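Since the structure comes first, as structure tokens, the remarks are kept for the end.
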Amino acid sequence: MTTIDTDPDTGLDPLEFAVTRNLAAKSAAERDAILASPGFGQSFTDHMVDICWSVRGGWHRPRVSPYGPISLDPAAAVLHYGQEIFEGIKAYRHADGSVHTFRPDQNGRRLQRSARRLALPELPVPYFLQSLKELIAVDGAWVPSGEDQSLYLRPFMFAKEAFLGVRPAHKVAYYLIASPAGAYFKGGVQPVSIWLSEDYSRAGKGGTGAAKTGGNYAASLLPQSEAYENECDQVVFLDQDRNVEELGGMNVVFVYKDGTIVTPQSDSILEGITRDSLLQLARDRGHHVEGRNVSLTEWREGVASGDIVEVFACGTAAVVTPIGTLKGRDFIDEQPSGTLALELREELTNIQYGRAEDKHGWLYRLDA
Ligand code: PLP
Ligand code: COI
């Protein structure tokens with residue numbers, strides 16, 4: 001059990017996690033072999049965290065247990081109606097061996113916003129933070145130390161009540177698993193090619209686009225397959241007015257030749273924490289930043305005229321990735337290449353890995 005004090009803001013006492021050690025945990029040699037080349041989302045650590053919630057009992061039975069299959073009733077509501085949300089956040093190993101994460105309060109709050117939209121209970125942020133620390137307390141050795149490597153943390157919550165009526169479930173589970181991660185894209189930080197989804201949308205007005213819920217990703221898989229068929233790495237979605245929304249798993253940012261930085265903002269887009277942080281770093285450098293609608297026409301004409309000088313995508317898993325090409329059914333637009341995306345990426349990762357001063361107080365230590 002890690003030591004955490006009563007939360008000064010909420011007055012909540014820390015949970016008492018029951019810890020069951022994994023007797024079949026990987027040996028140090030097995031773990032090191034995985035950490036040498038982790039890929040993304042393929043291997044998992046030895047333990048997981050879960051906390052139950054019920055209408056009558058609230059949050060209860062916090063546990064750290066051996067990583068393994070979850071037993072669910074076949075009637076569990078999540079399997080039928082998709083009442084589920086998740087988060088993505090990373091743990092970074094610093095040169096002195098300590099383990100830190102980045103703006104976890106933001107992920108905790110976004111999990112609460114997603115919960116509200118999906119009619120799930122809101123996990124108090126102090127419990128969210130504690131869950132991260134509890135997992136690192138047992139699986140800290142899984143945080144890799146190689147360049148650009150991290151431990152990807154995947155908190156998620158779902159409706160587990162066995163009931164086929166359509167209403168918010170009365171029994172819910174929160175889980176946290178972790179997976180060592182290297183580069184998200186096979187090519188590392190190479191410009192990616194983007195397929196413009198014309199036939200499918202990801203979200204609609206008043207829909208669940210701003211929530212991090214499995215259904216949004218399910219809806220993106222067919223257009224993402226279309227992207228692969230068209231030899232593109234990722235898909236970009238438009239809204240009903242042909243404004244740019246985001247990629248399947250990343251936000252989009254445009255850099256204009258006068259230094260202005262513009263990113264699509266609407267209630268159907270996930271509010272990315274990487275994007276918010278990069279935009280703050282850009283403001284610190286004196287860039288003017290705007291969150292507003294960007295139509296497909298503005299994008300294409302801006303690139304053609306030279307007004308837009310750089311386009312990049314960003315998110316926790318892939319960090320920052322320049323966009324190299326935008327491909328539609330009847331056009332291919334090469335995107336201009338600039339240096340700002342990679343400079344901001346470097347600045348951000350220097351903070352995350354403890355190589356630069358954390359001026360905004362974004363780091364949160366997980367192993368103490
Ligand atoms: N948009 C979508 C659809 C995502 O899945 C993600 C990844 O989490 C992002 C944007 C970027 O969000 P963040 O920077 O918080 O990871
Ligand atoms: C993330 O960047 O954390 C994501 O969730 C994107 C993707 C892996 C779903």
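Read-outs throughout are calculated quantities, based only on the coordinates presented, and are distinct from any laboratory measurement. This one's a predicted model, so the numbers in the text were calculated from it and none came from an experiment. Counting neighbours? That spans all protein chains shown, and the Cβs are built from the backbone with ideal geometry, glycine included.
What percent do you get for the relative contact order of the chain when only Cα pairs under 8 Å and 6+ apart count?
Value for the chain: 18 percent.
At 0.890 mPa s and 25 °C, plugging the Kirkwood radius over alpha-carbon pairs of region 192-352 into Stokes-Einstein gives what diffusion coefficient in µm²/s?
156 µm²/s
Viscosity 0.692 mPa s, temperature 37 °C: Stokes-Einstein D of region 1-142 from its Kirkwood Cα radius, in µm² per second?
It comes out at roughly 193 µm²/s.
Rounded to whole Å and ordered largest first, report the semi-axes of the equivalent ellipsoid of the chain derived from its Cα gyration tensor (root of 5λ).
34, 25, 19
Which pairs break 32 Å Cα to Cα here: Lys26/Lys359; Lys327/Lys359; Lys160/Lys205; Lys90/Lys160?
Those over the limit are Lys26/Lys359; Lys327/Lys359.
To the nearest 0.05, what FRET efficiency results for Asp241 and Ser337 with a Förster distance of 30 Å applied to their C-beta separation?
For R0 = 30 Å, the calculated efficiency reads 0.55.
Using only Cα positions of region 278-368, each an equal point scatterer, no hydration layer, compute I(q)/I(0) via Debye at q = 0.26 Å⁻¹ and quote the log10 values to two decimals.
Those come out to -1.49, one per q.
By how many degrees, 0 to 90 and rounded to 10, does the Cα axis of helix 214-229 deviate from the longest principal axis of the chain?
It is inclined by approximately 40 degrees.
Calculate, in whole percent, how much of the Cα-Cα pair population of region 62-171 lies beyond 21 Å.
46 percent
For region 73-108 and region 293-314, what is the centre-to-centre distance using only Cα atoms, to the nearest Å?
After rounding, the separation between the Cα centres reads 32 Å.
When a footprinting reagent is the concern and you count Cβ atoms within 10 Å, what order do Tyr217, Tyr184, Tyr174 take, fewest first?
Tyr217, Tyr184, Tyr174
Angle, helix 104-117 long axis vs. longest principal axis of the chain, Cα atoms, 0 to 90°, nearest 10?
With both axes taken from Cα atoms, the answer is about 90 degrees.
Nearest 0.05, what FRET efficiency do Glu229 and Arg283 give at R0 = 35 Å with Cβ-Cβ as r?
That gives a FRET efficiency of 0.35.
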